[in-house]
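Heads up: the structure comes next, in structure tokens.
The values are calculated or read from the model by the stated rules, or taken from the named source; none is laboratory data. Please read all numbers here as calculations on a predicted model, not as lab measurements. When we count neighbours, we look across all protein chains shown, and the Cβ atoms used for this are built from the backbone with ideal geometry, even at glycine. Surface accessibility is based on the protein's heavy atoms, side chains included, excluding ligands, DNA and RNA. Shrake-Rupley method; radii C 1.70, N 1.55, O 1.52, S 1.80 Å.
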Amino acid sequence: MACMFRAMPVETLLPESPDSVEITASRLSVWRGEVPSMPRAHRHDDLELNFVLDGALEYLFGGSRVRIESGQIALFWAATPHRLIAKDATPSDIWWLHIPLPKVLSWGLPNRNLNELLMNQLIVVPAAAVERNLESMFKSWTSDLESCEGETIALLEAHAVTRRALQHHLQSSSDADENQTLPAATGDCMMRITTMAQFMTTHFRQNISMSDIASSAHLSPNYAMTLFRDMVGTTLGNYLTRCRVAEAQRLLITTSMTTLAIAHAAGFGSQSSFYDHFTRLCGSSPGTYRRLRSIP
């Protein structure tokens, strides 16, 4: 079996039309460096883990701005368009790790942990939450992962780090409802749920139906809707709308496109539908949102 590890950033592929989101190759990789210049958002089908040794990171993640300070780690499914925002010339020192999603799915993460990633969140926790010396671990991954055996060890360690970080986030989340638990899902069910989430994250700009989403996972529409709702805690329709609203937020604060153009670019069938969904989920109109949050 060939090793997957590469100690370098992923390569950039062709930009995705029409909104200049770059698609980058999914590849197991680890490296250390300063915050890179990122003039446009990109996405890739990996679990991404950032560990800030010095300085800070600020992301535009979907439609939200998130800051990661020194001594913190960020964890997210990178299929959501994200862009680093350069604030100043302050030096930074960051470790970066990308793990292809199929490899992450093979870990058999608990449902609630995997659901956190599928809900397009950027999760930030203190590095101390993983109860390991992360700097030493990253260093060992760059020097030891030149063999398949070393890659196996590194992935086991990354698996443990991921579980600890997600568990800490669940326990410390102020809105976590300890009395509400999601039912257990088999590996096959979770694979189908993830396939549907991937399909929506990739195709939300298009006029896709519930049947299209269900077909991506080889399920009937009724069963797909029930399975996704029961296991993820939200409906297929709500998940699809969240993807579209997050894209609209991103376009509002990073482009000068009209709201009508943004509505269509984000996948909404009409401007009225866009306004209704956006206002409900964001608490303000698209115009107000743009005025308050635009990035120069």
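Worth a mention:
- Selected residue (only one of A158, A214 is in contact with a strand residue (DSSP E or B) (Cβ under 8 Å, 6 or more places away or on another chain), hydrophobic (A, V, I, L, M, F, W, C) and at pLDDT 90 or above): A158
- Selection within the stretch 49-89: residues that are more than 13 Å from the chain's Cα centre (by Cα) and in a loop (DSSP other than H, G, I, E, B). The member of this set that is nearest to A154 (Cα to Cα) is G71.
- Within the stretch 153-168, the presence of a residue that is small (G, A, S), over 28 Å from L227 (Cβ atoms), touching a residue at least 12 places away in the same chain (Cβ under 8 Å) and exposed (fewer than 13 other Cβ atoms within 10 Å of the Cβ) is excluded.
- Residue within the stretch 94-107 that is over 21 Å from R229 (Cβ atoms), in a helix (DSSP H, G or I), without any contact (Cβ under 8 Å) to a residue 24 or more places away in the chain and out of contact with any strand residue (DSSP E or B) (no Cβ under 8 Å at 6 or more places or on another chain) present: yes
- The residues of the stretch 185-228 that are in contact (Cβ under 8 Å) with a residue 60 or more places away in the chain and of a type outside the set (A, V, I, L, M, F, W, C), listed by number, are G187, T194, Q198, T201, T202, R205, Q206, N207.
- Conditions (1) crowded, with 19+ Cβ neighbours inside 10 Å; (2) in contact with a Ser or Thr (Cβ under 9 Å, 6 or more places away or on another chain); (3) modelled with pLDDT under 95; number of the one not met by H82: (2)
- Some residue of the stretch 226-246 being open to solvent by 10 Å² or more (accessible area, probe 1.4 Å), modelled with pLDDT of 90 or more, in contact with a helix residue (DSSP H, G or I) (Cβ under 7 Å, 6 or more places away or on another chain) and not in a helix (DSSP H, G or I): yes
- Residue, modelled with the highest pLDDT, within the stretch 98-113, restricted to residues that are open to solvent by 10 Å² or more (accessible area, probe 1.4 Å) and of a type in the set (A, V, I, L, M, F, W, C): W107
- Leading residue by the ranking (nearest to L118 (Cα to Cα)) among those in the stretch 247-267 that are open to solvent by 10 Å² or more (accessible area, probe 1.4 Å) and more than 21 Å from the chain's Cα centre (by Cα): H264
- Exactly one residue among S284, S272 is small (G, A, S) and exposed (fewer than 13 other Cβ atoms within 10 Å of the Cβ), and that residue is S272.
- Residue selection: R132 satisfies the criterion of being in a loop (DSSP other than H, G, I, E, B), open to solvent by 10 Å² or more (accessible area, probe 1.4 Å), charged (D, E, K, R) and farther than 14 Å from A78 by Cβ.
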